[in-house]
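Before any comments, here is the structure.
The values are calculated or read from the model by the stated rules, or taken from the named source; none is laboratory data. For clarity, every value in this text was computed on a predicted model and none was experimentally measured. Cβ sites come from the backbone with ideal geometry, for glycine too, and all protein chains shown count toward neighbours. These accessible areas exclude ligands, DNA and RNA; they are computed on the full protein's heavy atoms, side chains included. Shrake-Rupley method; radii C 1.70, N 1.55, O 1.52, S 1.80 Å.
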Amino acid sequence: MNFFLTIVLDGLIQASWLFVVALGLTLVFGVLKILNIAHGSFYALGAYIAATVVTMIAARGLPPSVGFVAMLLAVALIASAVGWLLERGLLKMFYGRDEVVLLLVTYAVFLIMEDVTKLIWGVNPIYATQPYELFGNLEFAGLYYVGYDLVLIPISAAIGFAIWFGLNRTVIGKIVLAVIHNEEMSVSMGVRVNRVYAIAFAFGVLLAALAGALTAPKISMQPGLSSDVIILSFAIVVIGGLGSVEGAAVGALLVGLARAASVHLMPQAELFMIYLIMAAVLMFRPEGLFKREMARRI
Amino acid sequence: MTRKDLHPLIMIALVVAVTLFGRVLPTWTLSLATVAASNALISLGIVVLARTGNVSFGQGLFFAAGGYGVALIANAWGLTDAVAQVIVGAACGGLLGLVIGPLIARYSGIFFGMLTLALSMVFYGVLVKTTALGGSDGFNVGRPSLFGMSFTDPREADFMLYAVSVIVTGFAGIAATILFRSEFGLASLAVRENNLRVEYLGLSANRIISINFAIAAVFAGASGAFALMAQRHIDPQFAYWTTSGEFVFVAVLAGNQSVAAVFVASMALELVRSFSNLYLPNTWQLVLGIFLLGVILFLPRGIGSLWIKDRRKRRVAADVSPAGGAAS
């Protein structure tokens, strides 16, 4: 029983940060129809910035709680600026091209970001462990967990709810949904689609970077971080059905639980477990679990 | 076929000329050109497939299947002949492609790409965990020979590899050109435009995609054999997604109008990579990314559009539209 609970809790912890990353990816795909390969780079960017801020704060002798809040604020600010600039300065030039071409544009951004992070932060692993002790250790049904890990679960649930609420219950969300549903019609109704694109992309980058910041205290930041994350979040959004918030949640849960289960039960399968699930889901539902219904144009 | 198209015999002459040109090239260009030619081969497969509107992000699967197939057979039975190795590689890739192609043909767009990527990553995971195959370190393979001759002089060995890869890739290119001009090749283009209309015409879009997929897998398998011969080492990196990504990279740089463009794009990529590696060792990915963005921005139809202007565009439009017209 305890063993089972361990798997579920580990899976939930995994799923929580993966969900935030995947949410950004699915939002960008939903609005801009771009499968953003550079998404993992934004995750890495967030993690690196968080590490820098946390180390700076700790060096001043301030408590780790200040570091935690400061890193989230810094990452949110920088990431949304980076997202906005990238969309307005670069992606804008490629709209209307083939989806594979747009994919390659983001691949180029991924390559560029790889070297930029290496230039700024070097190739040696860096750490930001101070906030990890922030919430102490918690006992949960006879199991001991680092509080920080467990706190991630409600945080990501709250982020997910905020995005869902924003999309479905606010005016801005309705406008975004209108753009997703029918761009031409939205333009003719006076929606500034350009701005919606920029906001959605900035939000996507923000979510990826935020997830990076939240996991930064748990991991070591080093090159290769981004390509691992991108492949995981791709799997999640593809399982869930591209562009769907619910899909991202279910996908993240599936991938998180599967990873945790394979770590505990079959360590040798960990690497390809996710792809097996993805291939299995696609075999039965070729467009993912939560596919948006679309009229077929002939 | 119009008058302006190159006759296959002229293309064969070109391949022979390029092969002989290798005699006067300096050694470092020779190995660069070998890599470029074998990358062009796999990217050519992606172009073949992309004409149906589907792009595979998992060509590394067939690349690795070809490479591992050849490596295992070479080590078990002492098969060192370069040509035989290429055939074995192509067969390994092709067989796998025949199995996977029909399964995957019903997907389209992003999902096609993602599923191919997933399959190749499953393969990557299996390879990393298989200790019998050397796990993540892979294993070494002996030097290839040709028709019973072994090459100890490095320059001769490099030239042999260059010659074999240029000739094989060249003939694959000629075959692809003939395929593109054939009825089947044009039907493939029609699948990309509108697969429903193709079905109404009584052709099976799935079948067309499966066949193109198998052809791409054959090219990828042969390319894996070349990569193995050039490095004399194989590891799971062959199946990793960034490997596959680079082949798509070349295919998109080239555009799908011209076979020759694939070779030029592959060579250009290798040159950019090795020069930036040489002069900017820490920022070569940065240079590569900017180069890619530049090409996509300024040559929207790929490098091929530098010499294939509107002529080809008009012809394709003329060839495809009667089919569309009949369906509507």
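Restricting to the stretch B:272-283, what's the tally of residues that are open to solvent by less than 60 Å² (accessible area, probe 1.4 Å) and of a type outside the set (Ser, Thr, Tyr)?
Initial filter on the stretch B:272-283 (open to solvent by less than 60 Å² (accessible area, probe 1.4 Å)): B:272-274, B:276, B:283.
Then keep just the ones that are of a type outside the set (Ser, Thr, Tyr); that gives B:272-273.
Qualifying residue count, the stretch B:272-283: 2.
Would you point out the residue of the stretch A:111-127, among those that are away from chain B (no Cβ under 12 Å) and in a loop (DSSP other than H, G, I, E, B), that is nearest to residue A:218 (Cα to Cα)?
So the residue we want is A:127.
Would you confirm whether any residue within the stretch B:223-239 is of a type outside the set (Lys, Arg), within 29 Å of residue B:298 (Cβ to Cβ) and either surrounded by fewer than 20 Cβ atoms within 10 Å (Cβ to Cβ) or within 14 Å of another protein chain (Cβ to nearest Cβ) (or both)? Explain how you work it out, then say what you get.
Step one: list which residues in the stretch B:223-239 are of a type outside the set (Lys, Arg), which gives B:223-231, B:233-239.
Subsequent filtering for residues that are within 29 Å of residue B:298 (Cβ to Cβ) retains B:223.
So of that shortlist, the ones also either surrounded by fewer than 20 Cβ atoms within 10 Å (Cβ to Cβ) or within 14 Å of another protein chain (Cβ to nearest Cβ) (or both) come out as none.
Scanning the stretch B:223-239, I find no residue that is of a type outside the set (Lys, Arg), within 29 Å of residue B:298 (Cβ to Cβ) and either surrounded by fewer than 20 Cβ atoms within 10 Å (Cβ to Cβ) or within 14 Å of another protein chain (Cβ to nearest Cβ) (or both), so the answer is no.
Going by what's in this entry, would residue B:95 be described as surrounded by 21 or more Cβ atoms within 10 Å (Cβ to Cβ) and either among the charged types (D, E, K, R) or part of a helix (DSSP H, G or I) (or both)? Let's see the steps before the verdict.
Numbers: surrounded by 21 or more Cβ atoms within 10 Å (Cβ to Cβ): no; either among the charged types (D, E, K, R) or part of a helix (DSSP H, G or I) (or both): yes.
Criteria not met by residue B:95.
Just to be sure I understand, how many residues within the stretch A:38-53 are open to solvent by less than 10 Å² (accessible area, probe 1.4 Å) and among the hydrophobic types (A, V, I, L, M, F, W, C)?
6
Here is a check on your reading of the model: is residue B:259 free of Cβ contacts under 8 Å to residues at least 60 places away in the same chain, buried (at least 19 other Cβ atoms within 10 Å of the Cβ) and away from every other protein chain (no Cβ under 14 Å)? Lay out the reasoning, then the answer.
Working: free of Cβ contacts under 8 Å to residues at least 60 places away in the same chain: no; buried (at least 19 other Cβ atoms within 10 Å of the Cβ): yes; away from every other protein chain (no Cβ under 14 Å): yes.
Taking the combined requirement at face value, the residue does not satisfy it.
Restricting to the stretch B:274-288, name every residue that is touching a helix residue (DSSP H, G or I) at 6+ places or on another chain (Cβ under 7 Å) and within 11 Å of another protein chain (Cβ to nearest Cβ).
Of all residues in the stretch B:274-288, those touching a helix residue (DSSP H, G or I) at 6+ places or on another chain (Cβ under 7 Å) come to B:274, B:276-277, B:280, B:282-288.
Within the stretch B:274-288, B:276, B:280, B:282, B:283, B:284, B:285, B:286, B:287, B:288 meet the criteria.
Answer yes or no: is there a residue in the stretch B:157-176 that is farther than 30 Å from residue B:9 by Cβ, part of a helix (DSSP H, G or I) and of a type in the set (Gly, Ala, Ser). Walk me through how you get there before you give the answer.
Of the stretch B:157-176, the ones farther than 30 Å from residue B:9 by Cβ are B:157.
Narrowing further to those that are part of a helix (DSSP H, G or I): B:157.
Going one step further and asking which of them are of a type in the set (Gly, Ala, Ser), we end up with B:157.
Yes, some residue in the stretch B:157-176 is farther than 30 Å from residue B:9 by Cβ, part of a helix (DSSP H, G or I) and of a type in the set (Gly, Ala, Ser).
Between a residue in the stretch A:38-51 that is in a helix (DSSP H, G or I) and any residue that is among the charged types (D, E, K, R), which pairs come within a Cβ distance under 7 Å, given they are 6 or more apart or on different chains?
A:41/A:114
Filter the stretch A:166-184 for residues that are more than 20 Å from residue A:242 (Cα to Cα) and in a helix (DSSP H, G or I) and give the result. I'd like the intermediate steps shown before the answer.
Pass one, the stretch A:166-184, residues more than 20 Å from residue A:242 (Cα to Cα): A:169-172, A:184.
Within the stretch A:166-184, A:169, A:171, A:172, A:184 meet the criteria.
Name the one entry in A:117, A:170, A:129 that is open to solvent by less than 40 Å² (accessible area, probe 1.4 Å) and of a type in the set (S, T, N, Q). I'd like the intermediate steps shown before the answer.
On the way: A:170 fails: open to solvent by less than 40 Å² (accessible area, probe 1.4 Å); A:129 fails: open to solvent by less than 40 Å² (accessible area, probe 1.4 Å).
After applying the criteria, what remains is A:117.
How do the pairs read when you match residues in the stretch B:159-176 that are under 16 Å from residue B:28 (Cα atoms) with residues anywhere that are modelled with pLDDT of 85 or more and not aliphatic (A, V, I, L, M), using Cβ under 7 Å and keeping only pairs 6 or more apart or on different chains?
B:165/B:38; B:165/B:226
Go through the residues of the stretch A:147-157 one by one and say whether even a single one is over 28 Å from residue A:63 (Cα atoms), at pLDDT 85 or above and either among the β-branched types (Val, Ile, Thr) or buried (at least 18 other Cβ atoms within 10 Å of the Cβ) (or both). First the steps, then the outcome.
Pass one, the stretch A:147-157, residues over 28 Å from residue A:63 (Cα atoms): none.
No, every residue in the stretch A:147-157 fails to be over 28 Å from residue A:63 (Cα atoms), at pLDDT 85 or above and either among the β-branched types (Val, Ile, Thr) or buried (at least 18 other Cβ atoms within 10 Å of the Cβ) (or both).
Looking at B:94, B:113, B:101, B:173, can you tell me which residue is within 14 Å of another protein chain (Cβ to nearest Cβ), under 21 Å from the mean Cα position of the chain (by Cα) and within 21 Å of residue B:223 (Cα to Cα)?
Working: B:94 fails: within 14 Å of another protein chain (Cβ to nearest Cβ); B:101 fails: within 14 Å of another protein chain (Cβ to nearest Cβ); B:173 fails: within 14 Å of another protein chain (Cβ to nearest Cβ).
Sole residue among the options that is within 14 Å of another protein chain (Cβ to nearest Cβ), under 21 Å from the mean Cα position of the chain (by Cα) and within 21 Å of residue B:223 (Cα to Cα): B:113.
Give the number of residues within the stretch A:102-152 that are among the polar types (S, T, N, Q) and touching a Leu at 6+ places or on another chain (Cβ under 9 Å).
Residues of the stretch A:102-152 among the polar types (S, T, N, Q): A:106, A:117, A:124, A:129-130, A:137.
Narrowing the set further to residues that are touching a Leu at 6+ places or on another chain (Cβ under 9 Å) leaves A:106, A:117.
Number satisfying all stated conditions: 2.
Among (1) under 30 Å from residue B:191 (Cα atoms); (2) surrounded by fewer than 23 Cβ atoms within 10 Å (Cβ to Cβ), where does residue B:47 come up short?
(2)
So which helices (runs of 4 or more DSSP H) are wholly in the stretch A:185-298 and hold at least 2 residues that are within 11 Å of chain B (Cβ to nearest Cβ) and closer than 30 Å to residue A:136 by Cβ? Spell out the reasoning first.
Details: elements: A:193-215, A:225-240, A:245-265, A:270-284.
The qualifying helices (runs of 4 or more DSSP H) are A:225-240.
Residue A:232 fails exactly one of the following numbered conditions: (1) at pLDDT 85 or above; (2) open to solvent by less than 10 Å² (accessible area, probe 1.4 Å). What is the number of that condition?
Failed condition: (2).
Okay, residues lined up against (1) out of contact with any Pro (no Cβ under 6 Å at 6 or more places or on another chain); (2) open to solvent by 10 Å² or more (accessible area, probe 1.4 Å); (3) part of a loop (DSSP other than H, G, I, E, B); (4) more than 14 Å from chain A (Cβ to nearest Cβ):
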{"site": "B:71", "(1), (2), (3), (4)": "yes, no, no, yes"}
{"site": "B:84", "(1), (2), (3), (4)": "yes, yes, no, yes"}
{"site": "B:106", "(1), (2), (3), (4)": "yes, yes, yes, no"}
{"site": "B:120", "(1), (2), (3), (4)": "yes, no, no, no"}
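When only residues in the stretch B:73-82 that are out of contact with any helix residue (DSSP H, G or I) (no Cβ under 8 Å at 6 or more places or on another chain) and assigned to a helix (DSSP H, G or I) count, which is modelled with the highest pLDDT?
Pass one, the stretch B:73-82, residues out of contact with any helix residue (DSSP H, G or I) (no Cβ under 8 Å at 6 or more places or on another chain): B:75-78, B:81.
Next cut, assigned to a helix (DSSP H, G or I) only: B:75-77.
Working: B:75: 77, B:76: 78, B:77: 81.
Checked the stretch B:73-82; the qualifying residue modelled with the highest pLDDT is B:77.
Looking at B:139, B:147, B:62, which one is among the aromatic types (Phe, Trp, Tyr) and open to solvent by less than 30 Å² (accessible area, probe 1.4 Å)? Talk me through it step by step, then tell me what you get.
Numbers: B:139 fails: open to solvent by less than 30 Å² (accessible area, probe 1.4 Å); B:147 fails: open to solvent by less than 30 Å² (accessible area, probe 1.4 Å).
From the options B:139, B:147, B:62, the qualifying one is B:62.
Determine whether the stretch A:270-279 contains at least one residue that is crowded, with 18+ Cβ neighbours inside 10 Å, free of Cβ contacts under 8 Å to residues at least 24 places away in the same chain and among the aromatic types (Phe, Trp, Tyr).
yes
If the requirement is being open to solvent by 30 Å² or more (accessible area, probe 1.4 Å) and within 14 Å of chain B (Cβ to nearest Cβ), which of these qualifies: A:89, A:61? Let's see the steps before the verdict.
On the way: A:61 fails: within 14 Å of chain B (Cβ to nearest Cβ).
So the residue among A:89, A:61 that is open to solvent by 30 Å² or more (accessible area, probe 1.4 Å) and within 14 Å of chain B (Cβ to nearest Cβ) is A:89.
Does residue A:136 meet the test of being open to solvent by 20 Å² or more (accessible area, probe 1.4 Å) and closer than 20 Å to residue A:28 by Cβ? Give the steps one after another, and end with the answer.
Working: open to solvent by 20 Å² or more (accessible area, probe 1.4 Å): yes; closer than 20 Å to residue A:28 by Cβ: no.
When the stated conditions are applied, residue A:136 does not pass them.
Is it fair to say residue A:227 is at pLDDT below 85, touching a strand residue (DSSP E or B) at 6+ places or on another chain (Cβ under 9 Å) and under 30 Å from residue A:133 (Cα atoms)?
Working: at pLDDT below 85: yes; touching a strand residue (DSSP E or B) at 6+ places or on another chain (Cβ under 9 Å): no; under 30 Å from residue A:133 (Cα atoms): yes.
The answer is no for residue A:227.
Farther than 29 Å from residue B:12 by Cα and free of Cβ contacts under 8 Å to residues at least 24 places away in the same chain: which single residue out of B:200, B:240, B:279 fits that description? Walk me through how you get there before you give the answer.
Numbers: B:200 fails: free of Cβ contacts under 8 Å to residues at least 24 places away in the same chain; B:240 fails: free of Cβ contacts under 8 Å to residues at least 24 places away in the same chain.
Every option except B:279 fails the conditions.
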